[in-house]
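Report on one structure; see the data block that follows.
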Amino acid sequence: MVEGARRIGKSTIVKEFAKNEYRSYILIDFARASEEVKDYFRLHLNDLDTFYMLLSVQYGVQLFPRESIIIFDEVQLFPKAREAIKYLVADGRYDFIETGSLISIKENVKEIILPSEERHVRMYPLNFEEFCLALDEKPLIAYIQDCFIKKVPLERSIHEKAMLIFKQYLLVGGMPMSVVAFLEGRKDFGRADLEKRDILELYRNDIMKIKTQYRSKVLAIFDQIPGLLSRHEKRVVFNRILEGSTAAQYEETFFWLSDSMIANECRRTNDPNVGLSLNESDTYIKCYMGDTGLLVSHAFDENELLEDEVYKQILAGKLGLNEGMLYENMIAQMLVANGHRLFFYTHYNNEKRRNDIEIDFLISNNSKTKYKLYPIEVKSGTHYSTESLLRFREKYKSRIGGCYIIHPRNLAINDDILGIPPYMTICL
């Protein structure tokens, strides 16, 4: 089961895999499959010889035992096929891949027995490494990784080149069609933006199809993501969305947005210790867009992008608050692509009546016996304070394996804090 947001490229990649790795394949797209094909699942699962014969004739593809694969594309649209996997895998003749969006939403699975045979693979937007590959910059990635391992800065001109590519990645994002449009247009941000707006419209249409009892809440959070991230604290203050609102009323909302992979949620951990999720708080949530390129198009309309010279200002590093919002969203995106769940930490000082420690992200080494925490602060400017990070390190020193500041400057070590440029997040 390959899961991912809409338009992430699931169908394309599994089809390419099937073409390269198998003697033949059948792709059943349940967004377009006829009732006749669906009836095969309803009527012939007790006679798999007939079932496979009908599929073979319908799609004009000869199937070879152990050398053919069958793809169930957008399987969430026909849950009966997903349930059938149990019998089809047990039969053992062919391999199967499913692709799905919003796959765990309750209305898609409530009437079926979920097959235990599924192995879930999550697919994300292109990461920075893949973006560089698309730009034919493969040697740059190897050099970045080597510098990170040796803890040495990149040669200055190469750092500047890597930062320029990172800013392009910030603006274009990793949705495949946006990247393709950008490259085909010879690095045309406008063409990439058109693709991203189509995807955002698709997401909005998906939201309009979900259950009415939480549709308006999902839409409210989705529309407010740029506004939430442009604030200093960035977390969702439920009372500001609708007076009297509480976190409990929005539980389904965040489940939907994160499960559909439209958004990446980041929860506060109250006690950064073994198993960050054991101490997570349901009332403190940050909500990042799953793709930063989509956030750019979501935050600015077409006229603002051009009239406010957003592209020019970001490439020059002069967009201020909005650039900080995009930087932090991108670091969240990169950490998620590396397999991390997102957590943040704040400590309220009663005497000062404000937070005196704010850590943007906490990641761990996931070791069961030698567990270590790694706090991360994200700074979009070159001048900043490390006070919060130093306080956190002092408070939890026995649990910490290392501290990171992600900033636009080259790699540097100060006070045993490793400062890395944003493109080096691929190494965390």
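Name the single residue that is nearest to Ser260 (Cα to Cα) among those in region 193-213 being hydrophobic (A, V, I, L, M, F, W, C) and open to solvent by less than 80 Å² (accessible area, probe 1.4 Å). Step through it out loud before you land on a result.
Of region 193-213, the ones hydrophobic (A, V, I, L, M, F, W, C) are 194, 199-200, 202, 207-208, 210.
Within this subset, residues satisfying the condition of being open to solvent by less than 80 Å² (accessible area, probe 1.4 Å) are 199-200, 202, 207, 210.
On the way: Ile199: 13, Leu200: 13, Leu202: 12, Ile207: 10, Ile210: 12 Å.
Taking the candidates together, the pick is Ile207.
Give me a count of the residues in region 318-347 that are at positive phi and either in a helix (DSSP H, G or I) or touching a helix residue (DSSP H, G or I) at 6+ places or on another chain (Cβ under 7 Å) (or both).
Going through region 318-347, the residues at positive phi turn out to be 320, 339.
Now narrow it down to the ones that are either in a helix (DSSP H, G or I) or touching a helix residue (DSSP H, G or I) at 6+ places or on another chain (Cβ under 7 Å) (or both): none.
The qualifying residues number 0.
Taking into account only those residues within region 185-223 that are within 23 Å of Gly100 (Cβ to Cβ) and basic (Lys, Arg), which is modelled with the lowest pLDDT?
Lys211
Identify, from the list Asn273, Asn365, Asn349, the residue that is at pLDDT below 90, surrounded by fewer than 18 Cβ atoms within 10 Å (Cβ to Cβ) and touching an Asp or Glu at 6+ places or on another chain (Cβ under 6 Å).
Values: Asn273 fails: touching an Asp or Glu at 6+ places or on another chain (Cβ under 6 Å); Asn365 fails: touching an Asp or Glu at 6+ places or on another chain (Cβ under 6 Å).
Every option except Asn349 fails the conditions.
Answer with yes or no whether Phe392 is modelled with pLDDT of 90 or more, more than 22 Å from Glu265 (Cα to Cα) and outside any loop (DSSP other than H, G, I, E, B).
On the way: modelled with pLDDT of 90 or more: yes; more than 22 Å from Glu265 (Cα to Cα): yes; outside any loop (DSSP other than H, G, I, E, B): yes.
Against the criterion (modelled with pLDDT of 90 or more, more than 22 Å from Glu265 (Cα to Cα) and outside any loop (DSSP other than H, G, I, E, B)), Phe392 qualifies.
Identify the single condition in (1) at pLDDT below 90; (2) surrounded by 16 or more Cβ atoms within 10 Å (Cβ to Cβ); (3) among the acidic types (Asp, Glu); (4) closer than 30 Å to Glu394 by Cα that Glu233 does not satisfy, given that it satisfies every other one.
Every listed condition holds for Glu233 apart from (2).
Got a number for residues in region 403-428 being open to solvent by less than 20 Å² (accessible area, probe 1.4 Å) and closer than 26 Å to Lys370 by Cβ? Full working, then the answer.
To start, the set of residues in region 403-428 that are open to solvent by less than 20 Å² (accessible area, probe 1.4 Å) comprises 403, 405-407, 411, 417-425.
In the following step, the residues that additionally are closer than 26 Å to Lys370 by Cβ were identified as 403, 405-406, 411, 417-420, 424-425.
Here the count works out to 10.
So which pairs qualify, if the first residue must be in region 256-272 and over 18 Å from Lys211 (Cβ atoms), the second must be of a type in the set (D, E, K, R) and not in a loop (DSSP other than H, G, I, E, B), the Cβ gap must be under 7 Å, and the two must be at least 6 apart or on different chains?
Close Cβ pairs satisfying both conditions: Cys266/Lys286; Arg267/Glu280; Arg268/Glu280; Thr269/Glu280; Pro272/Arg399.
With respect to the numbered conditions (1) open to solvent by less than 70 Å² (accessible area, probe 1.4 Å); (2) more than 26 Å from Asn46 (Cβ to Cβ); (3) among the charged types (D, E, K, R); (4) assigned to a loop (DSSP other than H, G, I, E, B), which one is the sole condition not fulfilled by Asp146?
(4)
Would you point out which residue out of Phe51, Phe96, Phe72, Phe78 is farther than 30 Å from Ser258 by Cβ, surrounded by 12 or more Cβ atoms within 10 Å (Cβ to Cβ), at pLDDT 90 or above and among the aromatic types (Phe, Trp, Tyr)? Talk me through it step by step, then tell me what you get.
Values: Phe96 fails: farther than 30 Å from Ser258 by Cβ; Phe72 fails: farther than 30 Å from Ser258 by Cβ; Phe78 fails: farther than 30 Å from Ser258 by Cβ.
From the options Phe51, Phe96, Phe72, Phe78, the qualifying one is Phe51.
Among Ala299, Ala337, Ala316, which is surrounded by fewer than 14 Cβ atoms within 10 Å (Cβ to Cβ) and among the hydrophobic types (A, V, I, L, M, F, W, C)?
Sole residue among the options that is surrounded by fewer than 14 Cβ atoms within 10 Å (Cβ to Cβ) and among the hydrophobic types (A, V, I, L, M, F, W, C): Ala316.
Looking only at region 85-96, count every residue that is in contact with a strand residue (DSSP E or B) (Cβ under 9 Å, 6 or more places away or on another chain) and either farther than 20 Å from Met123 by Cβ or in a helix (DSSP H, G or I) (or both) and tell me the total.
Residues that pass the stated criteria total 5.
Looking only at region 58-66, decide whether some residue is open to solvent by 50 Å² or more (accessible area, probe 1.4 Å), under 29 Å from Lys196 (Cα atoms), in a loop (DSSP other than H, G, I, E, B) and of a type in the set (Lys, Arg). Working first, answer last.
Our first condition is that a residue be open to solvent by 50 Å² or more (accessible area, probe 1.4 Å); within region 58-66, this holds for 58-60, 62, 65-66.
Subset that is under 29 Å from Lys196 (Cα atoms): none.
For region 58-66, residues open to solvent by 50 Å² or more (accessible area, probe 1.4 Å), under 29 Å from Lys196 (Cα atoms), in a loop (DSSP other than H, G, I, E, B) and of a type in the set (Lys, Arg): absent.
The values are calculated or read from the model by the stated rules, or taken from the named source; none is laboratory data. Source: prediction; values computed, not measured. Here Cβ is always computed from backbone atoms with ideal geometry, including for glycine, and neighbour counts include all displayed protein chains. Surface areas here come from the heavy atoms of the whole protein model, side chains and all, with no ligands, DNA or RNA. Shrake-Rupley method; radii C 1.70, N 1.55, O 1.52, S 1.80 Å.
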